[in-house]
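The values are calculated or read from the model by the stated rules, or taken from the named source; none is laboratory data. Since we're looking at a predicted model, the values are computed, not measured. Counting neighbours? That spans all protein chains shown, and the Cβs are built from the backbone with ideal geometry, glycine included. Just the protein is used for accessible areas: all its heavy atoms, side chains included, with ligands, DNA and RNA removed. Shrake-Rupley method; radii C 1.70, N 1.55, O 1.52, S 1.80 Å.
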Amino acid sequence: MIRFFAKPDDISENTIKLGGDDCEHIRSLRLRPDELFVVCDGSGNDYLCRLSKPAGKKNVSGEKGVTGAAVAYIVSKNRSRAEPSVKCTLYIAYAKGERLDYAVQKSVELGAYEIVLYESERCVAVPNNIPKKIERLQRIALEAAKQSGRGKIPKVSDAGLFEKVITTVSAEYDLPLLCYEEETKLHIKAALDGAFPMSRNPEAKTAAIITGPEGGFTEREAETAKTHGVLTVSLGERILRSDTAPVAVLGAIMYHTGNL
């Protein structure tokens with residue numbers, strides 16, 4: 001079903017105001033008043049709605065340069081069923097090309113709670129304009145949230161340097177993981193078996209997944225993580241790309257906890 005996100009201030013008891021890009025989307029879809037669609041408030045509430053009028057110029061501005069507004073009547077309200085029982089935050093090192101686009105898009109589809117970018121020692125492509133990069137990735141997260149039926153839009157942000165990430169992760173998460181290709185003792189499955197003994201009833205409620213850049217983590221970074229209580233885990237004998245690793249680990253956690 002078609003899905004939109006609205007700001008809480010635009011939601012009243014019986015109606016929801018949609019504007020900007022959503023109006024263009026409504027017009028292009030030629031939605032009729034009897035067609036149902038979903039509007040989400042970004043906090044996990046889904047509103048089943050109908051348009052107040054056909055998506056024409058009477059209720060959606062068609063003038064060039066003018067932002068119109070559409071009014072949706074609320075039919076019913078329910079909690080979103082798409083949000084996982086475990087809040088997984090991904091800490092992804094900056095990468096070159098479109099690798100971050102892919103990682104963000106797929107992570108949102110799989111159920112990431114939040115996505116945080118950072119700079120590590122072997123990063124080869126840290127953007128000159130980080131705010132602009134974050135803004136672009138946030139738009140990708142929005143579209144992925146709509147497509148996958150999410151009840152919230154995961155926030156994309158920047159954490160700065162690796163050391164700050166480790167300090168934050170070690171203090172704030174039940175299960176802090178760093179994916180390290182040189183790890184030989186602790187496999188990802190063993191780490192998940194310990195944290196999630198029962199599907200859908202995990203001991204851990206929050207998890208952090210830290211993945212590295214194209215060149216992987218340095219030995220110093222891995223030791224820093226261990227010193228702060230972060231678990232360094234192996235993902236097996238194959239070396240995954242920087243855009244594959246976060247998606248693979250998130251998928252494993254979602255499956256292990258009954259969210260996939």
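Some points to look at:
- Subset tally (residues that are farther than 18 Å from Glu143 by Cα, open to solvent by 30 Å² or more (accessible area, probe 1.4 Å) and part of a loop (DSSP other than H, G, I, E, B)) for segment 85-101: 3
- On the stretch given as segment 1-10, residues that are of a type in the set (Asp, Glu) and surrounded by fewer than 12 Cβ atoms within 10 Å (Cβ to Cβ) total 1.
- Residue within segment 178-197 that is touching a Phe, Trp or Tyr at 6+ places or on another chain (Cβ under 8 Å), among the hydrophobic types (A, V, I, L, M, F, W, C) and either open to solvent by less than 50 Å² (accessible area, probe 1.4 Å) or not in a loop (DSSP other than H, G, I, E, B) (or both) present: yes
- Sub-7 Å Cβ pairs linking a first residue in segment 235-260 that is touching a residue at least 60 places away in the same chain (Cβ under 8 Å) to a second residue that is hydroxyl-bearing (Ser, Thr, Tyr) and surrounded by fewer than 20 Cβ atoms within 10 Å (Cβ to Cβ), at least 6 apart or interchain, are Asp243/Tyr102; Thr257/Ser85; Thr257/Ser199; Gly258/Ser199; Asn259/Ser85, ordered by first then second residue.
- Within segment 66-84, considering residues that are of a type in the set (Gly, Ala, Ser) and modelled with pLDDT under 85, the one most open to solvent (accessible area, probe 1.4 Å): Ala69
- Of the residues making up segment 26-46, those that are open to solvent by less than 70 Å² (accessible area, probe 1.4 Å) and within 23 Å of the chain's Cα centre (by Cα) are Phe37, Val38, Val39, Cys40, Asp41, Gly42, Gly44, Asn45, Asp46.
- If the condition is being open to solvent by less than 40 Å² (accessible area, probe 1.4 Å) and either at pLDDT below 95 or farther than 24 Å from Lys96 by Cα (or both), then segment 244-255 contributes Ala252, Ile253, Met254.
- Within segment 223-260, the set of residues being in a helix (DSSP H, G or I) and in contact with a helix residue (DSSP H, G or I) (Cβ under 7 Å, 6 or more places away or on another chain) comprises Thr224, Ala225, Pro246, Val247, Val249, Leu250, Gly251, Ala252, Ile253, Met254, His256.
- One residue alone among Glu63, Glu13 is surrounded by fewer than 16 Cβ atoms within 10 Å (Cβ to Cβ) and at pLDDT below 75, and that residue is Glu63.
- Against the list (1) over 25 Å from Arg99 (Cα atoms); (2) among the hydroxyl-bearing types (Ser, Thr, Tyr); (3) open to solvent by less than 10 Å² (accessible area, probe 1.4 Å), the condition Thr211 fails is (1).
- Boolean, Asp22 is outside any helix (DSSP H, G or I) and either modelled with pLDDT of 90 or more or in contact with a strand residue (DSSP E or B) (Cβ under 6 Å, 6 or more places away or on another chain) (or both): no
- Cβ-Cβ under 8 Å pairs, at least 6 apart or on other chains, segment 160-188 side hydroxyl-bearing (Ser, Thr, Tyr), far side assigned to a loop (DSSP other than H, G, I, E, B): Thr167/His228; Ser170/His228; Ser170/Gly229; Ser170/Val230; Tyr180/Gly212; Tyr180/Gly216; Tyr180/Phe217
- Condition check for Tyr118: open to solvent by less than 10 Å² (accessible area, probe 1.4 Å), of a type outside the set (Asp, Glu) and part of a strand (DSSP E or B): yes
- Residue in segment 170-184 that is at positive phi and under 21 Å from the mean Cα position of the chain (by Cα) present: no
- Note on segment 134-151: residues that are open to solvent by 40 Å² or more (accessible area, probe 1.4 Å), touching a strand residue (DSSP E or B) at 6+ places or on another chain (Cβ under 8 Å) and either basic (Lys, Arg) or at pLDDT 95 or above (or both) total 1.
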